[in-house]
Amino acid sequence: MKILVINSGSSSIKFQLIDMAGESVLAAGLVERIGEKEGFIQCTLKPGTDEKQMVMSQEFIADHQSGMRMAVDILTDPDTGIISDRADISGVGHRVVHGGEDFYQPTLITDDVLAAIERNIPLAPLHNPPNLDGIRVARELFPGVEQIAVFDTAFHQSIPPHAYHYALPHELYEEQRIRRYGFHGTSHNYVAAECARLMGKPLEELNLITIHLGNGCSMTAIKNGRSVDTTLGFTPLEGLVMGTRSGDIDPAIHSFLARNCGMDIEAIDTMLNKDSGLKGLCGMNDMRDIHEQISHGNERARLALEVQTYRNRKYVGAFMAVLGRVDAIVFTAGIGENDPVVRSKTLEGLELFGIMLDPDVNNQRVKEPLLLSDPASRVQVWGIPTNEELAIAREVKSLLGR
Ligand code: ADP
């Protein structure tokens, strides 16, 4: 069974073709700068094998349809031998950012489902429209092949009302659906399941804190295998300090900026999403650059690291209180997998709570799942590489098998 996974963004499409027999990646590609003067498509065929091959081309890519068409041409090119025909693909899995309150699990896409994703556009105006473009193009290019939507919000649908309600006038929930939804669900779910497998226990018996630290960052409290709270909220702006997003701030800062700095809503929104977080604090949003600058004595870079890791630690404490008993903490995504300093600063001083890293193991980068805690640590700490594409492909497989 071969499954195509599509993550369609506003100006890019990421895709992976996975052979579910051995869960091997047959092709992984990226179409970038769609609609811009010079587009770019890159695809690695059979990555991680001796037959690995790279295909690249730079040309104008008018829209998502042309982009997807180019990707399909690469996959069906007789010279590459990846697939002989589009019909070799058993199912297409689509990452969809916002499922609102409509979707609790991966869903077979029908016209009604498309309409429901469309209804949720006001909740994710930047994400759901390009996700829909990807679905429409794939339906056209692969007629008769099942299309499945996997929602970033779905894993968090188990969060109870006391954790998803904001203390705002109730009509805002009733009429506008303003509540915590949470994101990165596919990643949190995937690393939680991996962690359970590695610990040799059913996920339903485990309480976990999963920490996804990439460009976007979020932390989830998982009780008996289900998400019960998470740091991202109504939009992917709340909670932890991210690459360019602020995370938590006092909501009164908005009105202060409007009254005293003449900023309008658009300017404030842009600042909080694009010019805040690590970038706002020190001018850099890549943790590697921040470490480099710290080594040269850059104090603002140090401050950015401190602010981010302090916020992480504060939420670890909060989620320990939410869960009562924590069996394991899992780090994942770009920073979580690669940055020993962020991991150790995040868990600094938590020894009394039974959390102890093994400094030697923690000093490594996580390429494969790695137990980072000291054997004496009551709470296990894991580094587990996330793999959202594989998680989506597995969901598609299990839905098609039903
Ligand atoms: P996204 O959220 O866009 O999927 P990733 O999970 O790929 O992002 O994470 C990207 C971030 O990971 C980069 O911005 C960088 O800060 C961080 N990162 C990647 N490699 C390293 C490394 N070796 N050391 C520290 N941070 C790293």
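Peptides 101-114, 137-150 ranked from most to least packed give 137-150, 101-114, packing being the mean of other C-beta atoms within 10 angstrom over each peptide's residues. Go ahead and set up a Gaussian network model of the chain, Cα springs under 10 Å, then flag whichever of Thr332, Thr49, Thr386 fluctuates most. Judging by the Gaussian network model, the answer is Thr49.
Between the range 1-56 and the range 340-399, how many Å separate their Cα centres? Taking the Cα centre of each part, the range 1-56 and the range 340-399 sit 27 Å apart. Taking amide H as placed 1.01 Å from N in the peptide plane, Glu146 has its amide H under 5 Å from the amide H of Val92, each at least 5 places away in sequence or on another chain.
So what is the accessible area of the range 36-193 per residue, in Å², with the probe set to 1.4 Å?
Numbers: 7510 Å² over 158 residues.
About 48 Å² of surface per residue is accessible.
The figure for Val361 is an accessible area of roughly 30 square angstrom, using a 1.4 Å probe on the protein chains alone. Our summary gives the chain a relative contact order of 13 percent, counting only alpha carbon pairs under 8 angstrom and 6 or more residues apart. Ordered by solvent-accessible area of protein heavy atoms (1.4 Å probe), largest first, the residues Lys223, Lys345, Lys37 come out as Lys37, Lys223, Lys345. Shape of the range 219-295 from its Cα gyration tensor (a ≥ b ≥ c, root eigenvalues): rounded if a/c is under 1.5, otherwise prolate when a/b > b/c, or oblate? Oblate, because a/c is 1.5 or more while a/b does not exceed b/c.
In the chain, carbon and sulfur make up what percent of the accessible area (probe 1.4 Å)? All intermediate terms of the calculation are to be shown ahead of the outcome.
On the way: 9260 of 18540 Å².
Of all accessible area on the chain, carbon and sulfur atoms account for 50 percent.
Per residue, the average separation of C-alpha pairs within less than 8 Å and at least 6 apart gives the range 169-321 a relative contact order of 17 percent.
Estimated at the nearest 10 Å², the accessible area of Ser373 is 10 Å² with a 1.4 Å probe. Per-residue ellipticity at 222 nm, computed for the chain from helices alone with -39500 (n - 2.57) per DSSP H run of at least four residues, works out to -11000 deg cm²/dmol.
Note that the range 229-382 presents 50 Å² accessible area per residue, ligands and nucleic acids not counted, probe 1.4 Å.
Please give the solvent-accessible surface of Lys14 in Å², to the nearest 10, using a probe radius of 1.4 Å with every protein chain present. Looks like 100 Å² after rounding.
The values are calculated or read from the model by the stated rules, or taken from the named source; none is laboratory data. Note that the structure is predicted; figures quoted are calculated from it, not measured. Reconstructed Cβ throughout: ideal geometry from the backbone, glycine too, with neighbour counts over all protein chains shown. Accessible surface areas use protein heavy atoms only, side chains included; no ligands, DNA or RNA. Shrake-Rupley method; radii C 1.70, N 1.55, O 1.52, S 1.80 Å.
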